[in-house]
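For reference, the structure is listed below as structure tokens.
The values are calculated or read from the model by the stated rules, or taken from the named source; none is laboratory data. Because the structure is predicted, anything quoted here is derived from the model rather than measured. Please note: Cβ atoms are built from the backbone with ideal geometry, for glycine as well, and neighbour counts cover all protein chains shown. Ligands, DNA and RNA are excluded from the accessible area calculation, which covers all protein heavy atoms including side chains. Shrake-Rupley method; radii C 1.70, N 1.55, O 1.52, S 1.80 Å.
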Amino acid sequence: MKILVTAKRVEDPESKIKVKPDGSGIVQEGLKYKINPFDEIGVEEGLRLAAKHGGEVVVVSIGGKEVQESLRHALAMGAHRAVWVNHVGPVDQLGIAGLLQKVVEKEKPDLVLLGKQSIDDDQNQVGQYLAEFLGWSQATFASKVESLESEQEKNKAPAILVGADGKTVRVVREVDNGLATLECTLPAVVTTDLRLNLPRYASLPGIMKAKSKPIEELTPQKLGVDVTPAIQVLKLSSPPPRKAGIKVPDVASLVDKLRNEAKAV
């Protein structure tokens, strides 16, 4: 089967994020970047499916030349080739979904895997938009019943199960009160959650091989997509600083402060 997986470049969560004084964005000097962790989980699941059923894993990312770092990371993990949509400038979730739709129509995968959200803006929209644009079935928040310490995980078994006839996938997804199991007809769009798998580390041979794996360059113009944002971010602001904690001498003082100052009880 052919699997297309997204590989968005995001700020490393270990970096300290600072908002510009004018609120126009974040200070980028000194920031480190990495592949979106939810997308990395998607890459891992795609590699497991390809190992079990045969096929090809293609990764795609949208942005300037710097996103090639995320693509090379996915290639070092084991993906076969990459697609880079070269676009510098703002793009909203509808624009991203529109670009991915054209990439999907060009590549014709059996399955598209996306992280359920990116950790920079936490929108959780693109997978749903993409499935709607394509008219495909979808399953969001893909997870699994087994723990990340299970034998299944140690054996790198895929949690997304392909039907015996190769025409469906079964997905366990997280819901508010537990887990639900969906069966989707292929082709389908699936978004991945944190507890789906533990991504592998890129090996040194994998890193060396990734340098020679092909990255195809596309542009919104070549794909025929208008990426003018429909949504404009007017201003960013930092959250108010947290007040320092205090020590109380006894339980009665604690209850008094919770009741009369915090209004929590």
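What the table shows:
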| item | result |
| --- | --- |
| Orientation-averaged projected area, Cα convex hull of the chain (nm²) | 18.8 nm² |
| Apportionment of accessible area to carbon and sulfur, the range 32-181, percent (1.4 Å) | 48 percent |
| Amide H contacts of ILE26 (H built 1.01 Å from N, under 5 Å, at least 5 apart or other chain) | LYS20 |
| Fully extended contour minus Cα-Cα distance, from ASP250 to ASP120, at 0.36 nm per residue | 42.6 nm |
| Separation of the THR181 and ASN155 label points, Cα + 7 Å toward Cβ, nm | 1.7 nm |
| Hz values of 3J(HN,Hα) by residue in the range 170-184 - Karplus curve (6.51, -1.76, 1.60), Gly and Pro given as x | 10, 10, 8, 10, 7, 10, 4, 10, x, 10, 10, 10, 10, 10, 10 |
| Within-12-Å neighbourhood charge of ILE160 [Cβ basis; K, R +1; D, E -1] | 0 |
| Local net charge near SER70, Cβ-Cβ under 11 Å (Lys/Arg +1, Asp/Glu -1) | 0 |
| Volume in Å³ per residue [convex hull over Cα atoms, computed for the range 1-74] | 92 Å³ |
| Relative contact order [Cα under 8 Å, 6+ residues apart], the range 127-265, whole percent | 21 percent |
| Length gained when the stretch LYS65-ASP12 is fully extended (0.36 nm per residue, less Cα-Cα span) | 17.3 nm |
| Angle between the chain longest axis and helix 93-107 axis [Cα atoms, degrees, rounded to 10] | 20 degrees |
| 3J(HN,Hα) from dihedral phi, the range 130-139, Karplus parametrisation 6.51/-1.76/1.60, rounded to Hz, x for glycine, proline | 4, 4, 5, 4, 7, x, 9, 5, 8, 9 |
| Across LYS167/LYS213; LYS18/LYS257; LYS34/LYS116, pairs whose alpha-carbon gap is larger than 26 Å | LYS167/LYS213; LYS18/LYS257 |
| Pairs from LYS52/LYS209; LYS106/LYS235; LYS102/LYS144; LYS32/LYS154; LYS2/LYS222 whose Cα-Cα separation, in the structure shown, is over 32 Å | LYS106/LYS235 |
| The chain - charge dipole about Cα centre, Lys and Arg +1 at Cβ, Asp and Glu -1, debye rounded to 20 | 480 debye |
| Estimated FRET transfer efficiency (ALA264, GLU29; beta-carbon r; R0 30 Å; 0.05) | 0.15 |
| Per residue accessible area of the range 2-239, 1.4 Å probe, in Å² | 51 Å² |
| Compactness relative to 2.2 N^0.38 Å, alpha carbon Rg of the range 128-265 | 1.71 |
| Environment charge at LYS20 (Cβ cut-off 11 Å; Lys +1, Arg +1, Asp -1, Glu -1) | 0 |
